[in-house]
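Chemist: This is the structure I have questions about; it appears just below.
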Amino acid sequence: MAVAMTETLAHDLVDAGRRLERRGWALGTSGNFSSVVSREPFLLAITASGVDKASLSPEQVVTVGSDAAAVAGSGAPSAETHLHLAVIRVRGAGAVLHTHSVWSTLLSDLHAERGEVVVTDYEMLKGLSGVKSHEHEERVPILDNSQDMPALARRVEATLRSRPKAHAFLLRKHGLYTWGSDLAEAVRHVEILEFLFEVIGRRGRA
Ligand SMILES: [Zn+2]
């Protein structure tokens, strides 16, 4: 049962990852994607480290436990598994997606001093879970980048706890993290946020 479920999730993650790569949001080996297999015991399917997202395959998805150690699959889990686990701990998310788009990278740098990107009054905001009106104010926090993943995971956890309404966060000069109750919702959040970031980025330049 668990094996069959993991295989289905691995295929769904591959479809989602390749879809995001085709949009230019996870070029090369950048980005990583995860989906919760089970809560008790906790198991997470996540893309392996260093794999090209254009040719992502189900064999490149590994299963990890709550300590980020691999329990099944070949290849090492992404170094950023700790960040996925932090999001799941705080938000109870069913899937977490991390992309490296041009616009999220640019805005995470341009808005770094104020510590957030504020998005308001756009109709597309209604694509975010629970948002009913364009008048919603989405505040996307920006965290400084780091290669110390356990330390960064602690900062992610603290930031999300202090901002219970945030649907996403940015790592400075790095990229976007967003999530959903399931994979479909997480993909939708990537698409909505990337759309909004591009609008804000292009507007600023116009
Ligand atoms: Zn990354």
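The values are calculated or read from the model by the stated rules, or taken from the named source; none is laboratory data. Fair warning: this is a prediction, and the values are worked out from it, not measured in the lab. Cβ: placed from backbone, ideal geometry, glycine included. Neighbour counts: every protein chain shown.
Chemist: Within the stretch 78-112, can you find the residues that are within 16 Å of the ligand (Cβ to nearest atom) and hydrophobic (A, V, I, L, M, F, W, C)? Don't jump to the end; show me each part of the working.
Modeler: Here is the first cut: in the stretch 78-112, the ones within 16 Å of the ligand (Cβ to nearest atom) are 78-87, 96-109.
79, 83, 85, 86, 87, 96, 97, 102, 103, 106, 107, listed by residue number.
Chemist: Still on this model: Please give the number of the condition residue 158 fails out of (1) within 15 Å of the ligand (Cβ to nearest atom); (2) without any contact (Cβ under 8 Å) to a residue 60 or more places away in the chain; (3) of a type in the set (A, V, I, L, M).
Modeler: Exception for residue 158: condition (1).
Chemist: In addition: Among the candidates 75, 28, which residue alone is within 16 Å of the ligand (Cβ to nearest atom) and either at pLDDT below 95 or over 17 Å from the mean Cα position of the chain (by Cα) (or both)? It would help to see each step written out before you state the result.
Modeler: Details: 75 fails: within 16 Å of the ligand (Cβ to nearest atom).
None of the others qualify; the one that does is 28.
Chemist: Answer yes if at least one residue in the stretch 119-126 is among the basic types (Lys, Arg) and at pLDDT below 95, and no otherwise. Walk me through how you get there before you give the answer.
Modeler: Going residue by residue through the stretch 119-126, those that are among the basic types (Lys, Arg) are 126.
Subsequent filtering for residues that are at pLDDT below 95 retains none.
The answer is no; no qualifying residue exists.
Chemist: For the stretch 141-163, give me the residue count where each residue is modelled with pLDDT of 95 or more, over 27 Å from residue 199 (Cα atoms) and crowded, with 16+ Cβ neighbours inside 10 Å.
Modeler: 4
Chemist: Among (1) assigned to a helix (DSSP H, G or I); (2) modelled with pLDDT of 95 or more; (3) not polar (S, T, N, Q), which single condition is residue 138 missing?
Modeler: (1)
Chemist: Continuing with this model, one more query. Quick check on residue 118: is it within 16 Å of the ligand (Cβ to nearest atom) and of a type in the set (A, V, I, L, M, F, W, C)?
Modeler: Numbers: within 16 Å of the ligand (Cβ to nearest atom): no; of a type in the set (A, V, I, L, M, F, W, C): yes.
Spelling it out, it is not the case that residue 118 is within 16 Å of the ligand (Cβ to nearest atom) and of a type in the set (A, V, I, L, M, F, W, C).
Chemist: List the residue pairs whose Cβ atoms are under 6 Å apart, where the first residue sits in the stretch 19-44 and is touching a residue at least 40 places away in the same chain (Cβ under 8 Å), the second is β-branched (Val, Ile, Thr) and more than 16 Å from the ligand (Cβ to nearest atom), and the two are 6 or more positions apart or on different chains.
Modeler: 43/37; 43/63; 44/36; 44/64
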